[in-house]
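Worksheet: the structure to be examined is printed underneath.
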Amino acid sequence: LRALKRVVQFGTVGAVGYGAYEIHRKRHPHEQKPFDPTKRTVVVLGSGWGAVSFLKSINTDDYNVMVVSPRNYFLFTPLLPSCTVGTIELRSIMEPIRFITQHKSRNVRFYESECTDIDPESKTISISDVSDIKGAVTNTTIPYDYLVMAVGADNQTFGFKSQTPEEVDRLLHMVVVGGGPTGVEYAAELHDFLKDDLEVWYPELADKFRITLVEALPNVLPMFSSQLIQYTESTFKQNKIEVLTKTMVKEVADKEIKVMDANKNIVSIPYGLLVWATGNCPRPLTRKLMARIKDKQTSPRGLLVDDYMRVAGAPDMYAIGDCTFSKYAPTAQVATQQGLYLASVFESLARIEEGQNKKITPFEYSHQGSLAYIGSDKAIADLPFLNGNVSVGGVATYVFWRSVYISNMFSFRNRFLVVGDWMKSKVFGRDVSRE
Ligand code: FAD
Ligand code: NAI
C-alpha cells in the first residue's frame with residue numbers, strides 16, 4: 001500500500017511538473033531566425049492533421065516555411081461530434097497555429113488566407129484574405145520552391161440542398177445520412193445528449209425524440225470487423241436508434257428526404273434535423289489543380305501521388321492527407337504519418353543539397369487500429385495484434401478510446417481543456433445554449 005501511495009505521489013508531482021513546463025513553454029516562444037533568402041521556400045497549404053504533423057517535424061534551419069490556411073488553428077476532428085452536442089467546447093479542441101509556428105527555430109510566416117489557385121508551371125500560388133480584419137491587399141501571389149498540399153477534402157453532398165423544419169414530431173426526428181464513422185459517432189453523441197440531458201429537462205417530449213441513421217450499403221462501418229458491426233447495430237437498437245441499411249437518399253427537400261429502400265421503393269422520411277455525413281470529395285482548389293495537370297491526374301477522387309508523396313504531373317509539389325487519393329483511407333492517422341514522413345524527406349533533401357549521400361525511401365504506413373464511439377459510454381476498437389487483429393467493444397474500450405484521444409491531442413492545453421469539459425458535462429450536464 002505504501003509503495004502504491006508513493007507511485008501516486010510521484011505520478012501527481014510528475015503530472016503537475018509536466019503541466020507547468022508545458023504552460024511555460026507555450027507562453028514563451030523562442031527567439032526565431034529570420035527568413036533566409038539563400039534557403040528554399042516551402043509553402044504549406046492547410047493547418048489540419050497533415051500540415052501540422054509536417055510543420056511540427058520540418059527542420060526550419062533548412063528551409064523558409066510559409067503556411068497558408070483559412071483556419072488559423074488546428075482542429076482535433078475526432079472529438080468534433082462531441083462539440084456538436086455540448087459535451088466539449090469547440091475551443092478545447094482548437095490549437096492556435098501560432099503555438100506550433102512560433103516554436104520553430106526559424107520564423108514561419110502564416111497567411112490566414114485561402115489558396116485560390118496554383119500554377120505548377122510558374123510555381124506560384126494565388127491567395128485570398130478571408131479573415132475578418134482585412135488589410136489593403138486582399139489577393140496576392142506567392143512563389144514557392146516546394147509546395148505541400150494538405151488542404152483536406154470537401155463534404156460530399158452530391159449537389160443536394162438541405163433546410164430546416166417546423167412541426168413537433170418532425171422537428172424531433174433527427175436523421176443522420178451516412179453510416180461511416182462520422183455518421184455513427186454523431187448519432188451516438190446525439191443519443192447521449194437526448195438521453196442524458198434533453199429527456200431530463202423535457203420529459204414530456206422523451207417519447208418523441210427519434211434518431212434514424214440511413215446507410216446505402218448493407219451495413220454501417222464497413223471498415224470495422226463484422227463482429228463490431230453487429231455489436232454497433234445491436235447497441236444502436238438498444239438505444240432506440242433506427243438503422244436503415246440498404247437505403248439510399250435520392251432527394252433532399254425542406255422537410256423530408258426521399259430514399260430508395262431495400263425493396264427499391266421510394267419512401268419519404270420527414271425530418272427536423274438532417275445531418276449529412278456521406279464522405280469526402282476533393283476541394284475546389286484541388287479540383288482546379290487536377291484540371292491543370294489532367295493528363296497525369298486521372299482520378300476524380302483526389303490528387304494522385306507517388307510513394308514519396310510527389311504530386312503526379314507537378315514538379316516539386318507534394319500532397320498529403322485527405323486531398324490525395326491513394327490506397328490509404330482518408331484518416332488523421334494516415335495524414336499524420338504522411339506529414340512526419342514528408343518532413344523527413346525534406347530533411348534528406350537538405351542534406352543531399354549539402355553534398356551528403358542520403359537515400360530517400362518511400363512512405364510506409366503503419367496502421368495503429370480503428371476506434372469509434374457508439375454511445376452510452378461504449379466504444380469499439382479493431383486493433384492490430386501480433387500478425388492479426390483484436391476486436392473489442394464496450395465500456396472498457398470507451399475508457400481506452402478516451403485515453404487514446406487525450407494522448408493524441410497536440411498540446412497539454414487541449415488535453416487540459418477537454419478533460420475539464422468532460423468533467424464539466426458529467427457534473428453539470430451538457431450546455432448548448434446560444435451566446
Ligand atoms: P484537414 O485536417 O481537413 O486539414 C485541411 C486544412 O486545409 C485545414 O486547415 C483547412 O483550413 C485548410 N484549407 C482548406 N482549403 C484551403 C485552401 N484553399 N487554401 C489553404 N488552406 C486550405 N481520422 C482518424 O484517423 N481517426 C479519427 O478518430 C477520426 N475522426 C474523425 C471525426 C470526424 C467528425 C471527422 C470529420 C473526421 C475524422 N477523421 C478521423 C478523419 C480526419 O479528420 C482526416 O482524415 C484528417 O483531418 C485529414 O487531415 P488533412 O490534413 O488532410 O486535412
Ligand atoms: P465514409 O465515406 O466513411 O462514409 C460515408 C457513408 O455514407 C458510406 O458508408 C456511404 O455508403 C454512405 N452514403 C453515401 N451516400 C449515401 C446516400 N445518398 N444515402 C445513404 N448513405 C450514403 O465517410 P465518413 O464517415 O465521413 O469518414 C470519412 C473518413 O474519415 C474515413 O476514412 C473514416 O475512416 C475517417 N473517420 C474516422 C473516424 C474514426 O476513426 N473514429 C471518425 C470519422 C471519420
Self-check item: Amide hydrogen neighbours beyond the local backbone of residue 358, cut-off 5 Å, H modeled
Solution: none
Exercise. Go ahead and run the numbers for FRET between residue 61 and residue 200, Cβ-Cβ distance against an R0 of 45 Å, rounding to 0.05.
Key: 0.20
Quiz item: Long-range amide H contacts for residue 97: which residues qualify at under 5 Å (H placed 1.01 Å from N, peptide plane, sequence gap of 5 or more or a different chain)?
Solution: 73, 74
Practice problem: Lys and Arg at +1, Asp and Glu at -1: add these up for the other residues within a Cβ distance under 14 Å of residue 346 and post the number. | Solution: +1
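Which order do peptides 381-394, 352-365 fall in by mean Cβ count within 10 Å, highest first? Please list the in-between numbers first.
Details: 381-394: 14.1, 352-365: 10.7.
Ranking, from highest mean packing down: 381-394, 352-365.
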Quiz prompt | Difference of contour (0.36 nm per residue) and Cα-Cα distance, residue 84 to residue 208 | solution = 42.6 nm
Quiz prompt | segment 312-394, relative contact order [Cα under 8 Å, separation at least 6], % | solution = 16 percent
Practice problem: Quick one: work out the % antiparallel among DSSP beta bridges in the chain, nearest 5. | Solution: 55 percent
Practice problem: Check each of the chymotrypsin sites (Phe, Trp or Tyr not before Pro) in segment 271-331 and keep only those in coil by DSSP with at most 16 other C-beta atoms within 10 angstrom; list them in order. | Solution: 308, 328
Exercise. Pull out the extension gain between residue 6 and residue 329, defined as 0.36 nm times the separation in residues minus the alpha carbon to alpha carbon distance; nm, one decimal.
Key: 111.8 nm
Quiz prompt | Percent RCO, i.e. relative contact order, over the chain, from Cα pairs under 8 Å lying at least 6 residues apart | solution = 19 percent
Self-check item: Cut-off 15 Å (backbone N to label point 7 Å along Cα→Cβ of residue 427), residues of segment 185-213
Solution: none
Quiz prompt | Extension reserve of the residue 383-residue 168 stretch, reckoned as 0.36 nm per residue once the Cα distance is removed | solution = 73.1 nm
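Determine, from the Cβ-Cβ distance of residue 13 and residue 102 and an R0 of 25 Å, the FRET efficiency 1/(1 + (r/R0)^6), rounded to the nearest 0.05.
0.30
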Quiz prompt | Inter-probe distance in nm under a simple model that places probes 7 Å from Cα toward Cβ, at residue 407 and residue 33 | solution = 3.5 nm
Quiz item: How large is Rg/Rh for segment 204-340, to two decimals, with Cα atoms and a Kirkwood Rh?
Solution: 1.09
Quiz prompt | Karplus-derived 3J(HN,Hα), 6.51/-1.76/1.60, for each residue of segment 256-261, Hz, glycine and proline x | solution = 8, 10, 10, 10, 9, 7
Quiz item: Roughly how many nanometres apart are two label points built 7 Å out from the Cα toward the Cβ at residue 131 and residue 230?
Solution: 5.5 nm
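Using the count of nearby Cβ atoms within 10 Å as a rough guide to exposure, how do 409, 309 rank from fewest to most?
In increasing order of surrounding Cβ atoms, one gets 409, 309.
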Practice problem: Rounded to the nearest 0.05, what FRET efficiency do residue 361 and residue 262 give with R0 = 45 Å and r taken as the Cβ-Cβ distance? Could you check? | Solution: 0.40
Exercise. Starting at the first residue of segment 321-329, write each ³J(HN,Hα) from the Karplus equation 6.51 cos²θ - 1.76 cosθ + 1.60 with θ = phi - 60°, in whole Hz, x for Gly and Pro.
Key: x, 5, 7, 9, 10, 8, 6, 9, 6
Quiz item: Going by how many other beta carbons lie within 10 Å of each one, how would you line up 173, 30, fewest first?
Solution: 30, 173
Exercise. Could you go through segment 4-21 in sequence order and give the Karplus-derived ³J(HN,Hα) for each residue, using 6.51 cos²θ - 1.76 cosθ + 1.60 with θ = phi - 60°, rounded to whole Hz, and x for Gly and Pro?
Key: 4, 4, 4, 4, 4, 4, 4, x, 5, 4, x, 5, 5, x, 4, x, 5, 5
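No value in this document is a laboratory result; all are computed from the given coordinates. On a predicted model such as this, the values are computed, not experimentally measured, just so you know. Heads up, the Cβs are rebuilt from the backbone with ideal geometry, glycines too, and the neighbour counts pull from every protein chain shown.
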